Amino acid sequence: MTKTAQISNDQMIFSVQELKDKGFSYYKINQMVDQGILIKLNKKYYENANFDGEGSDFYYAYAFVPDGVVCLLSAAVYYNLSTYRPDAIDVAIPRKAKVSTLPDWPEVNLYYYTDERFELGITVIEEGTNRFRIYDIEKTVVDIVFYREKVGIEETKEILTSYLRRKDRNINRLVRYAEMMKCGDTMKKYLEVLV
């Protein structure tokens, strides 16, 4: 039985550390790249060419920006709040963070957040052995309202309206987040008009 049998086909992205933890040397990792089993994404991450699960572009975002968090329109689409389909993945990173390389595809738009804005509302989505970080639904809506000039007023209205129709909405958390992110008054105005 060869070592390649130990790479599970239900994981799309592997870090070098994960591969080393499974007992693969750098030599063996390079061999698997040569054999077309792994595709090198950057210095730290590899894509499993034999992945047979449900793929997501967000896994690539995690590989190229491991400290990043899926945000804004990408997060709104994930939560089915928007019919708009962005052509890039919106990823928030801390203001002082450095990102060395970004993929040609999928395109990644970076948003530099203050530490306070960055830390609030992060949740980890795990699908089998695959994972990515995304803001929870209330934080997503607050960020959309805060960046409404960049996002677009029509998109902002659609996202907020879709959120308010949901049974699992949490208006208290939404308003609390908005106040913490210094857009409480704006959020209350939108809610008065839409509710």
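The values are calculated or read from the model by the stated rules, or taken from the named source; none is laboratory data. On a predicted model such as this, the values are computed, not experimentally measured, just so you know. Cβ sites come from the backbone with ideal geometry, for glycine too, and all protein chains shown count toward neighbours.
Examine the range 93-107 for a residue that is in the same structural domain as Leu160 (by TED's automatic domain parsing), over 30 Å from Ile153 (Cα atoms) and not in a loop (DSSP other than H, G, I, E, B), and state whether such a residue exists.
no
For the range 172-186, enumerate the residues that are under 24 Å from the mean Cα position of the chain (by Cα), part of a helix (DSSP H, G or I) and in contact (Cβ under 8 Å) with a residue 24 or more places away in the chain.
The answer is Arg173, Leu174, Tyr177, Ala178, Met180.
Of the residues Asp34, Asp52, Asp10, which is touching a Gly at 6+ places or on another chain (Cβ under 8 Å) and farther than 27 Å from Ile159 by Cα?
Numbers: Asp34 fails: touching a Gly at 6+ places or on another chain (Cβ under 8 Å); Asp52 fails: touching a Gly at 6+ places or on another chain (Cβ under 8 Å).
Exactly one residue qualifies, and that residue is Asp10.
Search the range 63-85 for residues that are under 15 Å from Lys157 (Cβ atoms) and pair each with any residue that is at pLDDT below 95 and hydroxyl-bearing (Ser, Thr, Tyr) when their beta-carbon atoms are under 9 Å apart and the residues are at least 6 apart or on different chains.
Leu73/Tyr84; Ala76/Tyr84
Here are the criteria: (1) closer than 13 Å to Leu73 by Cα; (2) among the small types (Gly, Ala, Ser); (3) buried (at least 20 other Cβ atoms within 10 Å of the Cβ). Tell me which single one Gly121 does not satisfy.
Answer for Gly121: the failing condition is (1).
Return only the number of the condition from (1) surrounded by 15 or more Cβ atoms within 10 Å (Cβ to Cβ); (2) within 22 Å of the chain's Cα centre (by Cα); (3) hydrophobic (A, V, I, L, M, F, W, C); (4) closer than 23 Å to Val99 by Cβ that Ile39 does not satisfy.
(1)
Checking Gly128 against (1) within 19 Å of the chain's Cα centre (by Cα); (2) modelled with pLDDT of 95 or more, only one condition comes out false. Which one?
Every condition holds for Gly128 apart from (2).
What are the residue pairs meeting all of these: first residue in the range 12-27, first residue at positive phi, second residue at pLDDT 95 or above and surrounded by 10 or more Cβ atoms within 10 Å (Cβ to Cβ), Cβ atoms under 7 Å, and 6 or more apart or on different chains?
none
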